[in-house]
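Participant: One structure follows; several queries about it will come next.
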Amino acid sequence: MKWHELTIRSRAEAVEMVTNFLHELGADGVSVEESWADRKPSGSKLDEWFDRPPNDIPAGWVEIKGWFPEGTDTASLREALRDRIGELRTWGIDPGNFSLEEAVVDEEDWAEAWKRYFKPLRVTDRLTIRPIWEPYEPGPGEIVIDLDPGMAFGTGTHATTALSLKALDRAIRGGEEVIDVGTGSGILAIGAAKLGARSVLALDLDPVAVASARANAALNGLEDRIDVRESDLLGALKAGGTNDHRPLNVSPPVDVIVANILAEIILRFMDDVYAALKPGGLYIASGIYVNKEQDVRRGLEAAGFEILDRDEREDWIAFTARKPEGR
């Protein structure tokens, strides 16, 4: 079978929106390759993408590929993508002078080629992500997240995911109830559970993501502690907010909420997060490009949060904020 491969090269700040556009337009798979210049080894083994070959992508840019089945009307698809990416500037997101190219590839080529770039990844002092097709022997005290992300969801290599896992590593002490909003492959939910959280509610609006997260939770033997639900943000916490009427595995208010999503969406449901946290509870907000940092900071403070920590990688920001005691 042949596949249409669309390649978009844009500024890094647009990567989350462009990948979302590809999914919405029906892509059967999406991959992201960042600039080698942005990922040069820093002398530390943490956060390095093992065996990753150099590329010619300029610093601050990314190459996003989407695959569509044979017979897709790619002319209409390209037009829709150009329009949507161009409109990002009205949201304060600069895709730069982006390009869009098309090729036709064999199924074996697109299904397997991306795996060359996904190797075991040490994200924190304790956490390592291992794709299931790669052998890996953990060291003493090392926690391994086994992952089969498919083509569509996060592998942990993107800066926003790594920042979220680092923040969870600092936040989880053991026994917490956690909510992961926009779970994707389930990597943050799995990380929280393996770090010692008692129960994790993993939410995503995309039914394909829900299926992927459930499969990965089972792959790690955590299906009894991770409850994956289809939900629009925190809608699952509200009466009638989901078609799944089983009791949730957490009892809000909870100890920790993590959201690795766009800044605009983080701002949209800030009050809902505040209400769903215990006094003293922590909110980890990631997926914030540097040009939106002050907007999110002001939003957190306006909602009543105290900002405890700020971390940055490759122009992406993550905040850890606390709901004050007694509120």
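The values are calculated or read from the model by the stated rules, or taken from the named source; none is laboratory data. Predicted model, so just to flag it, every value in this text is computed and none were measured. Virtual Cβ from ideal backbone geometry, glycine too; neighbours counted across all protein chains shown.
Participant: ASN243: closer than 30 Å to ILE132 by Cα and of a type outside the set (A, V, I, L, M, F, W, C), yes or no? Spell out the reasoning first.
Facilitator: Details: closer than 30 Å to ILE132 by Cα: no; of a type outside the set (A, V, I, L, M, F, W, C): yes.
For ASN243, the condition - closer than 30 Å to ILE132 by Cα and of a type outside the set (A, V, I, L, M, F, W, C) - is not met.
Participant: For segment 85-104, what are the residues that are touching a Lys or Arg at 6+ places or on another chain (Cβ under 9 Å) and either within 18 Å of LYS292 (Cα to Cα) or assigned to a helix (DSSP H, G or I) (or both)?
Facilitator: GLY92, ILE93, ASP94, PRO95, GLY96
Participant: Scan segment 1-15 and report the pairs whose first residue is over 8 Å from SER99 (Cα atoms) and whose second residue is among the polar types (S, T, N, Q), with Cβ atoms within less than 7 Å and a gap of 6+ or a chain change.
Facilitator: HIS4/THR72; HIS4/THR74; GLU13/ASN291
Participant: So, in segment 265-309, of the ones that are among the charged types (D, E, K, R) and either part of a strand (DSSP E or B) or touching a residue at least 40 places away in the same chain (Cβ under 8 Å) (or both), which residue ends up surrounded by the most Cβ atoms within 10 Å (Cβ to Cβ)?
Facilitator: Looking at residues that are among the charged types (D, E, K, R) and either part of a strand (DSSP E or B) or touching a residue at least 40 places away in the same chain (Cβ under 8 Å) (or both), I get LYS292.
Participant: Now for a separate question. State all residues of segment 189-231 that are part of a helix (DSSP H, G or I) and of a type outside the set (A, V, I, L, M, F, W, C); if no residue qualifies, say none. Don't jump to the end; show me each part of the working.
Facilitator: Within segment 189-231, the subset part of a helix (DSSP H, G or I) is 189-195, 207-219.
Residues satisfying the conditions are GLY191, LYS194, PRO207, SER212, ARG214, ASN216.
One line per residue, one yes/no per condition, for (1) surrounded by fewer than 24 Cβ atoms within 10 Å (Cβ to Cβ); (2) out of contact with any Leu (no Cβ under 6 Å at 6 or more places or on another chain); (3) within 25 Å of LEU308 (Cα to Cα); (4) basic (Lys, Arg):
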| position | (1), (2), (3), (4) |
| --- | --- |
| ARG173 | yes, yes, yes, yes |
| ALA192 | no, no, yes, no |
| SER199 | yes, yes, yes, no |
| LEU205 | yes, yes, no, no |
| ALA209 | no, yes, no, no |
| ASP224 | yes, yes, no, no |
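Participant: Here's a check for you: in segment 302-317, which residue that is over 20 Å from VAL254 (Cα atoms) and not basic (Lys, Arg) is modelled with the lowest pLDDT?
Facilitator: First pass over segment 302-317, keeping only residues over 20 Å from VAL254 (Cα atoms): 302, 310-317.
This time we only want the ones that are not basic (Lys, Arg), so: 302, 311-312, 314-317.
Values: ALA302: 97, ASP311: 96, GLU312: 94, GLU314: 78, ASP315: 83, TRP316: 88, ILE317: 95.
By that ranking, first place goes to GLU314.
Participant: Turning to a different aspect of this structure: Would it be correct to say that ARG313 is surrounded by fewer than 15 Cβ atoms within 10 Å (Cβ to Cβ) and assigned by TED's automatic domain parsing to the domain that holds VAL178? Working first, answer last.
Facilitator: Working: surrounded by fewer than 15 Cβ atoms within 10 Å (Cβ to Cβ): no; assigned by TED's automatic domain parsing to the domain that holds VAL178: yes.
Taking the combined requirement at face value, the residue does not satisfy it.
Participant: Separate question: Scan segment 181-208 residue by residue and report those that are out of contact with any helix residue (DSSP H, G or I) (no Cβ under 7 Å at 6 or more places or on another chain) and free of Cβ contacts under 8 Å to residues at least 40 places away in the same chain.
Facilitator: Listed by number, the residues that qualify are ALA193, GLY196, ARG198, LEU205, PRO207.
Participant: Going by the conditions given, is PHE118 closer than 30 Å to LEU237 by Cβ and at pLDDT below 90?
Facilitator: Here the answer is no, as PHE118 does not meet what is asked.
Participant: Also: Taking the conditions exactly as written (over 25 Å from ASP255 (Cβ atoms) and at pLDDT below 85), does TYR136 satisfy them or not?
Facilitator: Criteria not met by TYR136.
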